Every structure is written in C-alpha cells, then in structure tokens.
Amino acid sequence: MMSYELFKTLVEDQIKDYLPQGFAFHEVKIHTVFKTNEKLDCMTLVPAGNTDMVMCPTVYLNERYEEFKYCQDLDQVLREIAWVYINYQTIIPEDFDFGFEGRKDKIMMCVVNTDKNEDMLKNLPHRNILDFSVMYRIVMNASDTGLDTVAVTHEMAELLGVTEKELFEMAAENAKAILPMKVFTLKEVAEKEMMTREQQEAYIRNSGEPFVVTTELMLQGAGFLAQPEVLKSISKRINDSYYVIPSSINEFLVSPARFTDPCFIRDTLRMGNSSVTSEKEILSDNIYYYDRKEERLRIA
C-alpha cells in the first residue's frame, strides 16, 4: 500500500499533467489547516502573477487518500481532483467586501473539544470551559441550508479592535438573531409531528424524557452550554437540576436530574461517539451536570 506521504508528493507533482494548458502557470500549494477535531492537508492552485482575485477550491488530501486506498487507482484520483479545479474556479467580484468592520453583528460562538483542537486554538481568541472551548466565527453568508463562516483569529480580533470578552458578549447577543434556540422532544422526533408550545411544556414537565436543545438551523447548538443565562432558563423550565448529554457540537440533550441515571447516559454517549457521531462533530465523552441551586455547570 502506498504511504500517505508518497501519495501527497505524487499528487503535488502530477496534478498539473491532468489539467488544461491554462493551468500551466498555476502554483500548487499544500498547507495544513485545523478544523474541528481534525488536522488536514489542503491543496490549492493559485494563478501565478494574476492580479485578479480568484477563489480556488480547496482539495483535502487526507480525504483523497482514503479514496485512493479504496480504489487503488492514482490516475482516477488525479482525474477527479482535476475535475474539481476545472469546474469550480471562480473570479471574485471586484466589489466583494473582505472587511470585517461591518460584521460585528455577524459574530457567532462555537464550542469544540479542547484537547482535540489544541493546535487550532493557539491561533484563535477563545475561552476554556470544563473540557470544551468557546471560539468565534464570522458569518459571511447565510441561507436556509447553512452558514458560510470564517474563524476569528487573533489578527482579525485586533483588526476589529475587540477583546475575547467582547467577542463572547457580542456572540451571545447575536445568537438571538443568527442562531436562535430551538427545543424539541424525542416524541416529536419519533412521530415527526411538532407540538404546540403548551403541549411541549406539559410533556417536558411530566414525561421525564430527555429533550433536545439546538438552533433553528440545527447547527452549533452546543454553543448554548457556554451561556449561563440559557442554562439557567432551562432549569427554570423543568423546575429541576439536570444532566447534559453533549451529543454533538450541534445539539445537546437535557435530562432532568430526578429522572436520570448518569451512568447509563454516560455509557450511551460514549457508545454514540464511537459508532454513530461523526468525528468532526464530537464535543465530549463526558456528561455535564447543571446544579440549579449553584447555577453552575460541571462535569458529572
């Protein structure tokens, strides 16, 4: 089996052989990027000496190597990579706004596992909470299907003239508009029918079942774990302390303390992380406990 390092070298050396003549003067660049729970090698083709701004697609070589291991055909993988570059290179409009000054109301918070993202967090303003960290992203574009965002680096924060504390405060406030909270019960999921607010309140109070906390877009819902006022409002809603099952970075489950076996839900979470949840979406193998009297979240 060809090693990953050899694969990476061959792709870098040979990719332009699979591209039209128009790519002859493009420069092949490979660099490392950090994504949630991942360290990836990215390859881009940048036009040499071109004064136009060109948005080039990024090819993740780690993923392409997995394809190669399956098909054992380097020629096929190189053709597929070439197809991506040929079809997706785009000229950026001259009036496109790359500035961040006007985007302070577009700052959102995300949470990631601290240990798994140690290298990434070195370059980002963040705060550590329990075994996860809060980082910040700027929404560049939003649609019904998702958000296009960029991570706020130390350099961007300096450009914006904001501290980490100010980033946190802005992101908490912006969440109400960008990613408002959404709660639904497991019964609603199973029956694929939403309850009214009154029906949901009654069911949550009386059933004892865990319920899901996320956002309207079902993205980055675990960010609410960093917001004390949200955690407090949940305890008021159920009139109890509660356990948190951080099922992914996109949502968490709340289980009222009086109905919960913490050992069972901890084992369930770890089983889900090892067999169901995508690696890049895992937040923690730990469950958390929110103490209503102390108004504090801790690892259970």
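Annotations for the structure displayed:
- Residue in the stretch 238-271 that is nearest to residue 165 (Cα to Cα), counting only those that are surrounded by fewer than 16 Cβ atoms within 10 Å (Cβ to Cβ), touching a residue at least 12 places away in the same chain (Cβ under 8 Å) and charged (D, E, K, R): 270
- Verdict on residue 135 being touching a residue at least 24 places away in the same chain (Cβ under 8 Å), crowded, with 20+ Cβ neighbours inside 10 Å and either at positive phi or of a type in the set (A, V, I, L, M, F, W, C) (or both): yes
- Scanning the stretch 113-134 for residues that are among the aliphatic types (A, V, I, L, M) and modelled with pLDDT of 95 or more turns up 129, 130, 134.
- Residues of the stretch 217-233 satisfying the condition of being buried (at least 20 other Cβ atoms within 10 Å of the Cβ) and either among the small types (Gly, Ala, Ser) or at pLDDT 95 or above (or both): 221, 222, 223, 224, 225, 226, 231
- With respect to (1) under 22 Å from residue 132 (Cβ atoms); (2) in contact with a helix residue (DSSP H, G or I) (Cβ under 6 Å, 6 or more places away or on another chain); (3) at pLDDT below 90, the lone exception for residue 194 is condition (1).
- Within the stretch 143-174, tally of residues that are under 20 Å from residue 129 (Cβ atoms), touching a residue at least 60 places away in the same chain (Cβ under 8 Å) and in contact with a helix residue (DSSP H, G or I) (Cβ under 7 Å, 6 or more places away or on another chain): 3
- Checklist (1) within 19 Å of residue 205 (Cα to Cα); (2) modelled with pLDDT of 95 or more applied to residue 259, failing item: (2)
- Test: residue 212 is more than 30 Å from residue 262 (Cβ to Cβ), of a type in the set (A, V, I, L, M), free of Cβ contacts under 8 Å to residues at least 60 places away in the same chain and not in a helix (DSSP H, G or I): no
- For the stretch 112-136, the set of residues classified as closer than 14 Å to residue 299 by Cβ, touching a strand residue (DSSP E or B) at 6+ places or on another chain (Cβ under 9 Å) and either outside the structural domain of residue 172 (by TED's automatic domain parsing) or not aromatic (Phe, Trp, Tyr) (or both) consists of 113, 114, 128, 129, 130, 131, listed by residue number.
- Qualifying residue in the stretch 147-162 (condition: within 19 Å of residue 252 (Cβ to Cβ), crowded, with 19+ Cβ neighbours inside 10 Å and either of a type in the set (Phe, Trp, Tyr) or touching a Leu at 6+ places or on another chain (Cβ under 7 Å) (or both)): no
- Checking 182, 165, 176, 187 one by one, the residue that is part of a strand (DSSP E or B) and among the basic types (Lys, Arg) is 182 and no other.
The values are calculated or read from the model by the stated rules, or taken from the named source; none is laboratory data. What you are looking at is a predicted structure, and each value in this text was computed from that prediction instead of being measured. In this analysis, Cβ positions are derived from the backbone assuming ideal geometry, glycine residues included, and neighbour counts consider all displayed protein chains.
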